[in-house]
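Novice: Attaching a single structure in structure tokens format; questions to follow.
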Amino acid sequence: MQVETTAEAGLATVTVAVGTKGSLDFQINQADQRDACFCLGVRKSGSTMLHKMVQFLARKNNVHSVDIAGNFFKNGFVVSDWVAADLSNVVQPGNVYVGFRSFPTNFNQYDAFRTGRKIFMFRDPRDALVSQYFSDAYSHSLPSKETETGAKASEAFLKKREDALATDIETYVLKHARPFENTLMAFAPMLDDPTCLTLRYEDYIFQKKRLINKILQHFGWQCAPGHIETLMKTIDSVPDAEDKKRFVRRVIPGDHRNKLTPETIRKLNNQMREVLHVFDYY
């Protein structure tokens, strides 16, 4: 791992080796000694909105944000690549880390993560599965094709889109229920972590200003009312009508009851019994 100081005060470029696939560069703040902060959000559970909020608020508090998972994705790498990578020189005090839609299990060995403040947003997994279907089929962004790794990843995403379009939603959610349950259960320790603020999607999707204030309080940040209003204009999106090709398609809780048959819901409830119980959606 190489570290090179940049011209901008306090920032350094850290180069991380990604197995035999290549390497990635990250800029981190090495001068700020405040505790590291972490923003965790399960996919299709308000995670994009949450990460945008945190990045905006971080800028207003002069906290440098680092999107580890996003950088890996844009360059065509998969989750297992960043989980397996040595990121010890990237995960340091003085930065806020965003973009995690899978639990960063490798971070448990880093003091900055164990002691840093965290926020974690989750959603009814049945609604998230419905949202994932429409995302895979119509709206999910693709990795960059500028590198060989990215081109291969983009091709894989297009194949996933093709498969989703060829599958009805009932079959899709049942097929993907177990993988989604595994993803969400990996976050279960956060529910009892005293450094973590847990956020239920359903409690905040229509109360975003309240959510902003919760984040500010937990991270010990501040933000002027005018700046909060500016942020609200960028993230307070509630569609008047459903559009399956839009990224923000439908935010109303309980959408799985509108999209799935009672029989499919019964099967989902049976397959996902443990996660529904742990996250109190049973």
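Novice: For the pair residue 227 and residue 52, how long in nm is the line joining their label points, each one 7 Å along Cα→Cβ?
Specialist: So the two model labels end up 1.8 nm from each other.
Novice: Would you mind getting me the FRET efficiency between residue 31 and residue 86? Use the beta-carbon distance for r and R0 = 25 Å, nearest 0.05. Mind dumping the intermediate values first?
Specialist: Numbers: r = 23 Å, r/R0 = 0.91.
Using R0 = 25 Å, I get an efficiency of 0.65.
Novice: Within the stretch 50-110, list the trypsin sites (Lys or Arg not before Pro) lying in a DSSP loop whose Cβ has at most 16 other Cβ atoms in a 10 Å radius. Please report the intermediate quantities before stating the final value.
Specialist: Numbers: sites: 52, 59, 60, 74, 101; in loops: 101.
Sparse-neighbourhood loop trypsin sites (Lys or Arg not before Pro): none present.
Novice: Moving on. Taking the number of other C-beta atoms within 10 Å as the exposure measure, put 124, 192, 236 in order starting with the fewest.
Specialist: On the way: 124 20, 192 8, 236 13.
Fewest to most other Cβ atoms nearby, the residues stand as 192, 236, 124.
Novice: Given R₀ = 41 Å, what would the calculated FRET efficiency be for residue 236 paired with residue 23, taking r from the Cβ atoms and rounding to 0.05? Don't jump to the answer; show the numbers that get you there.
Specialist: On the way: r = 38 Å, r/R0 = 0.94.
Efficiency for this residue pair is about 0.60.
Novice: Can you give the extra length, in nm with one decimal, that the chain gains between residue 198 and residue 263 once fully stretched, where that is 0.36 nm per residue apart less the Cα-Cα distance?
Specialist: Values: separation 65, 0.36 × 65 = 23.40 nm, distance 3.13 nm.
Stretched fully, the residue 198-residue 263 segment lengthens by 20.3 nm.
Novice: Treat the count of other C-beta atoms within 10 Å as a stand-in for reagent exposure and order 103, 134 from fewest to most.
Specialist: On the way: 103 21, 134 24.
Lowest to highest Cβ neighbour count: 103, 134.
Novice: May I pose another question? Can you list residues from other chains, or at least 5 along the same chain, whose modelled amide H is less than 5 Å from the amide H of residue 167?
Specialist: Long-range HN contacts for residue 167: none found.
All of the numbers you see were taken from the coordinates with simple rules; none came from a lab. What you see is a predicted model; the values in this text were computed from it and never measured. Neighbour counts are summed over all protein chains in view; Cβ atoms, including those assigned to glycine, are modelled from backbone coordinates with ideal geometry.
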